[in-house]
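Notes for the one structure printed next.
The values are calculated or read from the model by the stated rules, or taken from the named source; none is laboratory data. Because the structure is a prediction, the values reported are computed rather than measured. As a convention, Cβ positions derive from the backbone with ideal geometry for all residues, glycine included, and neighbour counts pool all protein chains shown.
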Amino acid sequence: MTDNMQTVMTPTIGRLARRSVLWVVVIGVIVLIAGIGLALAGSSQDTDPMSARSATPGGAKALVEVLRHEGVTVVIADTLAEAAKAAADPATTTLFLYDAYYYLDAEQTARAMKLADTVVVLQPTSDALAVISPDLALAGYTDGTREAGCSVAAAEAAESITTTGDGYRILDTDSDGRAAGCFADGDVYSLVQVGGRTALGATTALTNGEILSEGNAALGLNLLGSTDTLVWYVPTLEDYTTDALTVDELSPEWVQPVTLTAFLVGIAAILWRGRRLGPLIVENLPVTVKASETMQGRARLYEKAGARLHTLDSLRIGTIARLATLCGLPVLATVDEVVAASSAIAGSDPRVVRQLLVDANPRSDRDLVQLSDDLLVFEQTVTRNLRPH
Amino acid sequence: MAFTGRFVIAVALGIVPVVYFNDASAAWWWLLALLVLCIVDIAIAGSPRRLALQRELPGALRLGETTSARVYLTNTGRRRVRAIVRDGWQPSAGAGPRTQRVSVPAGERRVITTTLTPFRRGERRAHHVTVRSFGPLGLLARQASIAAPGSIKVLPPFNARKHLPSRLARLRELDGASSVMVRGQGTEFDSLRDYVRGDDVRSIDWRATARRSDLVVRTWRPERDRRVVIIIDSGRTSAARIDNEPRLDTAFESALLLAALATKAGDRVDLVIYDRRVRGRVQGATGPELMNRMVTSMATVEPELIEMDWTVVPGLVRSITSSRALVVLCTSIDAPGASRGLLGVLPELAKKHLVVVSSVTDPSVLATAAQRSDRREVYLAAAAERALLDQARVSAAIRQSGADVVTGAPAELPPALADRYIALKAAGRL
C-alpha cells in the first residue's frame, strides 16, 4: 500500500525559508534603523580624557576652542612624530603633554619635553617629572580649592583653582631655588614650574566640565596661550613601542589557519551533535502520592508543637486496644478493666500499670521516649505471659 | 539536513594540507573541495520523504509483557535510501533499540521491528518515524520525521491470577463436584442421596426417608446466578502509592480476581469505575468476555485528582440491578473525615444489598508503630498509631452501618477479598 496521504512533519528547506522570511525582514529593518540612528547620533566621537576634540565633560575642547579664538594656532598631535613636526620653532611654541596611559618610554618623554621651550605637562609620569627637575617628588593625591600663593604669572592671574589630582613636593636638595610651587596644601603643590617647564597635577581643572570653576580658565589660558603656537599632544597607542617579539612573529605561519580550522571543526561538531533524531515525544506522567506522607506530616506536627502528652496518648490508645484484645475483653471494655486485667496477667502492681497507661505526664522528650519504651515492654510481658508454656 | 561524524573528521583533516604546505590558502581549497563533495553527497542521498510507512501493531498486552511493533518502509523514490530509522514511541512504551540501520532499494520494501516492554498501564502511543538518509560518502544526511500515529493498549497485569487456581479448588469443594466431597453449605436444593455416617442430621429429609424407608439426606449446592457489583473509586485517594503501587491498581487486581472467581462460580459480575464521572463500565458480560472487557476498560483509567462523589453510588447500583447483590466498594478508609461520604450512603446500600468495603492498608504503618528507638521515631510511631486508630474507627463505623470490611497490604488484598467472597458464598449469604 502506498500511502500518499502521509504527512511529513519536518519542513523542507524551501518551506523553512518561506516561513522565516518575515522574521528575516523584521530583524533586517531593526538593524537598518539602529544603524541609521547610530550614524546620525555620531557615536564615533572622541571621548578620550583631555582630548582636544572631545566635547564630553572629560575632554578639553572648550579650552582649545577659546585659545584658537584668541589667535593661538593650536595643532593637535596624536603621535610624537606629528608633535615634532608641528613644533618647528621651539621658541614660539608651547607643548601640552598628557600621557595618561604611559604610552611613552623615558627616552620618548625626554624627546617630547625638548620639542619646545615652554612645556606644560598634565599629571606628569615619573619620567617626565625627572626631566622637569630631579628635585621633584610625587606626593600623592590632593584635592580642594587652593590659593595660588606663588610668583608664577599664570597662577597669580588665576588666584585659585580646583586641585583634584596629583600633588608634588619640592625636595630640600633644590638649593638653587629654581622650582616655584603654587596652589600649596602644606608642602604639597599642585603646580610646579621649573624654568619653562610646568608640571600640573590638577587633572580635572582644564576639562570641559571644570574649566568654569574658580580660576581654572584663567590658569589654562595664561599657561597655554603665551606663545603663537600650541602643540596639543596626547599620546596614543601608536607611540607605544616594544622590543619583544610578538606571539605572531614567533609562531609558524600555519598556526592561524589551523586555529581557524579547529574553530570550524568545533562548529561542525555542534551541527553534528545538535540535530536530534526527530522531535521530542510527550509523555503524560501519572500523579504519584506516597500514602505515608500524611502520617509523616502528622509526626512532624507533633514534634514541632511539642505535643508530648498527645503523642503519648496516641501510643497508649494503641497499646490499650491491643491489651484489651489480648486479655479477651470486649471492645467496649473501660480502661480500668484493661488495667486490672493486664496487670493481673503481667503480675505487676495495678497502680504502676495505671500510672503507665493513664496518668503519667511526660515533662520532656526523654520522659516520652522512656514511657513509650515502658509501654512496649509491658505489652511484651503480657503477650509472653499469655503464651502457653 | 543533518551532519555526520564523518563530516566533522573531514573538516578536521583540513589541518593536514595546511601544515604540510605551510600555507593558509590550503585550508580554503580543502573546504571548497569538501563543499563540492557535500553537495554531491546530499544530491545522491535517497529522499526520506519518499518512504511510505505502514505500521503493524499488536492489539493489546499485559503490563510486564514484551511485544514487537513493525514498521514497513516502502521506497517510492528512484534512489536507494540508506538510513537510520527511529520509531518515535513514548518513553514509557519501553521501545528498543532506539535506532535501526536500514537500506531500502528503490521500489522495494523493508521492515524494522521495535520491541516494546511498556512499564506503565494505559494507552502507549507512537507519534512519528524519523528517517535520516545518508549519502554514499556519509558526509551529510537528509532527515525527515514522518507522522505515523499508532498506539497499543497496555492492560493491567493481573498478577493476582496466581491465586486463582487455589481459590477455584475451594469453590469446587463448595460445589460438591470435587473429589474431596465436602458437602457444601449452600442454600440451594441440589439432590437427595443416602445418608452416610457423619452427615449433619439436620439435613435429613424426613419426607423422602418415609417414602424410601431408608435415611435420605438433602444435598445443597452453593447458590448460583447471584449478582456481584464491583464499584472502584478512582478519586484522589486512589492515587496514593502503597508499596510502590497506586491504590487504584490494587483495586483493579482485587476486582479482576474476584470477577474471575465469581464468573466461574456462576455469578454475574458488573463493574463500574467512578469518581464524579463513570470512567469505565462493564455490564452483562460473562466468562472470558467479562475478563477481556474488564481489563480493556481498566487499561486507560488513571486516578483523578477530584473527590469521589458517593451520593450517586446507590443510584448506580440500582441502575445495574434491582435485586439483592453483593456490592464491593474498592476505596480507601484512612480518615473519618475523608470517609464521611462513604459512611453516608452505606446504610442505604446495606439495607438492600450485601456490602463489602475493600481497602488497601499500608504495611509500613504497623512497622512504624512498633519502631521507637529515638525521639523522632516515637513521634512517628504516635502518628502511625493515630493512623491505625483512624482506620479502626472508620472500619467500626462501616460495620455498624451493616457493611463488611476487607483490608490488606497491596499483595494480600486480592486473595483476602476472594476468600471473603468464598466465605460469604459458603455461608449462603449472597
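Scoring B:ARG183 on the criteria (1) at pLDDT 75 or above; (2) in a loop (DSSP other than H, G, I, E, B) leaves a single failure, condition (1). Residues that are touching a residue at least 12 places away in the same chain (Cβ under 8 Å) and out of contact with any Phe, Trp or Tyr (no Cβ under 7 Å at 6 or more places or on another chain) were ranked within segment A:338-347; the one that is surrounded by the most Cβ atoms within 10 Å (Cβ to Cβ) is A:SER342.
For (1) of a type in the set (A, V, I, L, M); (2) buried (at least 20 other Cβ atoms within 10 Å of the Cβ); (3) outside any helix (DSSP H, G or I); (4) free of Cβ contacts under 8 Å to residues at least 12 places away in the same chain, each residue gets a yes or a no:
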site	(1), (2), (3), (4)
B:PHE252	no, yes, no, no
B:ALA262	yes, yes, no, no
B:VAL272	yes, yes, yes, no
B:ARG276	no, no, yes, no
B:PRO288	no, no, no, yes
B:ASN292	no, no, no, yes
B:THR296	no, no, no, no
B:VAL313	yes, yes, no, no
B:ARG318	no, no, no, yes
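With the condition kept exactly as written, say whether any residue in segment B:25-47 is surrounded by fewer than 16 Cβ atoms within 10 Å (Cβ to Cβ), on the phi < 0 side of the Ramachandran plot and hydroxyl-bearing (Ser, Thr, Tyr). So far as segment B:25-47 goes, yes, one or more of its residues are surrounded by fewer than 16 Cβ atoms within 10 Å (Cβ to Cβ), on the phi < 0 side of the Ramachandran plot and hydroxyl-bearing (Ser, Thr, Tyr). In the set (1) in contact with a strand residue (DSSP E or B) (Cβ under 7 Å, 6 or more places away or on another chain); (2) hydrophobic (A, V, I, L, M, F, W, C); (3) modelled with pLDDT of 85 or more, A:ALA157 fails one condition alone, (1).
When segment B:110-130 is filtered for residues that are at the interface with chain A (Cβ under 9 Å from one of its Cβ atoms), under 24 Å from the mean Cα position of the chain (by Cα) and part of a strand (DSSP E or B), the ones remaining, listed by number, are B:GLY122, B:ARG125, B:ALA126, B:HIS127.
Scanning segment B:85-109 for residues that are in a strand (DSSP E or B), buried (at least 18 other Cβ atoms within 10 Å of the Cβ) and of a type outside the set (Asp, Glu) yields B:VAL85, B:ARG86, B:GLY88, B:TRP89, B:ALA95, B:VAL102, B:VAL104. Within segment B:123-178, restricting attention to residues that are farther than 30 Å from B:ILE422 by Cβ and free of Cβ contacts under 8 Å to residues at least 60 places away in the same chain, the residue that is surrounded by the fewest Cβ atoms within 10 Å (Cβ to Cβ) is B:PRO149. Among the residues of segment B:141-176, none is identified as more than 30 Å from B:THR296 (Cβ to Cβ), in contact with a Leu (Cβ under 9 Å, 6 or more places away or on another chain) and more than 10 Å from every other protein chain (Cβ to nearest Cβ). Of the candidates A:ALA291, A:ALA333, A:ALA346, A:ALA262, the single residue that is modelled with pLDDT of 90 or more and at negative phi is A:ALA262. Screening A:PHE96 on (1) touching a helix residue (DSSP H, G or I) at 6+ places or on another chain (Cβ under 9 Å); (2) more than 21 Å from A:PRO124 (Cβ to Cβ) shows it passes everything except condition (2).
Test B:LEU329 against the stated conditions and say whether it is modelled with pLDDT of 95 or more, under 24 Å from B:GLY59 (Cβ atoms) and more than 14 Å from every other protein chain (Cβ to nearest Cβ). Here the answer is no, as B:LEU329 does not meet what is asked.
In segment A:276-295, the residues that are among the basic types (Lys, Arg) form Cβ pairs under 9 Å with partners that are surrounded by 13 or more Cβ atoms within 10 Å (Cβ to Cβ), at six or more places apart or across chains, as follows: A:ARG276/B:THR130; A:LYS290/A:GLN296; A:LYS290/B:ALA240; A:LYS290/B:ARG241; A:LYS290/B:ILE242.
Among the criteria (1) buried (at least 19 other Cβ atoms within 10 Å of the Cβ); (2) assigned to a helix (DSSP H, G or I); (3) over 32 Å from the mean Cα position of the chain (by Cα); (4) not β-branched (Val, Ile, Thr), the one B:GLU377 does not fulfil is (1). Exactly one residue out of A:LEU326, A:LEU312, A:LEU301 is at the interface with another protein chain (Cβ under 9 Å from one of its Cβ atoms) and under 23 Å from B:THR361 (Cα atoms): that is A:LEU301.
Within segment A:237-252, the presence of a residue that is without any contact (Cβ under 8 Å) to a residue 60 or more places away in the chain, more than 30 Å from B:LEU35 (Cα to Cα) and at the interface with chain B (Cβ under 7 Å from one of its Cβ atoms) is excluded. Of the residues examined, A:GLY274 is not one that is surrounded by 20 or more Cβ atoms within 10 Å (Cβ to Cβ), of a type outside the set (Ser, Thr, Tyr) and within 49 Å of the chain's Cα centre (by Cα).
Of all residues in segment A:56-81, those that are loosely packed, with under 15 Cβ neighbours inside 10 Å and under 37 Å from the mean Cα position of the chain (by Cα) total 1. Collect the residues in segment B:1-39 that are touching a Pro at 6+ places or on another chain (Cβ under 9 Å), more than 7 Å from every other protein chain (Cβ to nearest Cβ) and more than 15 Å from A:ALA268 (Cβ to Cβ), keeping them in residue-number order. Passing the criteria: B:ASP23, B:SER25, B:ALA26, B:TRP28, B:TRP29.
Would you tally the residues in segment A:239-258 being touching a helix residue (DSSP H, G or I) at 6+ places or on another chain (Cβ under 9 Å) and within 20 Å of A:TYR102 (Cα to Cα)? Number of matching residues: 2.
Checked against (1) within 18 Å of B:LEU413 (Cα to Cα); (2) free of Cβ contacts under 8 Å to residues at least 12 places away in the same chain, B:GLN371 passes all but a single condition, namely (1). Small (Gly, Ala, Ser), surrounded by 17 or more Cβ atoms within 10 Å (Cβ to Cβ) and either more than 10 Å from chain A (Cβ to nearest Cβ) or closer than 30 Å to B:LYS153 by Cα (or both), is that true of B:GLY64? No: the conditions fail for B:GLY64. In segment B:337-373, which residue that is at the interface with another protein chain (Cβ under 7 Å from one of its Cβ atoms) and not in a helix (DSSP H, G or I) is surrounded by the most Cβ atoms within 10 Å (Cβ to Cβ)? So, considering only residues that are at the interface with another protein chain (Cβ under 7 Å from one of its Cβ atoms) and not in a helix (DSSP H, G or I), the one surrounded by the most Cβ atoms within 10 Å (Cβ to Cβ) is B:ASP362.
Each row is one residue, and each column tells you yes or no for (1) in a loop (DSSP other than H, G, I, E, B); (2) not charged (D, E, K, R).
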{"site": "A:ARG18", "(1), (2)": "no, no"}
{"site": "A:LEU22", "(1), (2)": "no, yes"}
{"site": "A:VAL26", "(1), (2)": "no, yes"}
{"site": "A:LEU38", "(1), (2)": "no, yes"}
{"site": "A:ALA55", "(1), (2)": "yes, yes"}
{"site": "A:ARG68", "(1), (2)": "no, no"}
{"site": "A:ALA88", "(1), (2)": "yes, yes"}
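Considering every residue within segment A:313-335, establish whether at least one is of a type in the set (A, V, I, L, M, F, W, C), surrounded by fewer than 13 Cβ atoms within 10 Å (Cβ to Cβ) and not in a helix (DSSP H, G or I). Yes; the residues of segment A:313-335 include at least one that is of a type in the set (A, V, I, L, M, F, W, C), surrounded by fewer than 13 Cβ atoms within 10 Å (Cβ to Cβ) and not in a helix (DSSP H, G or I).
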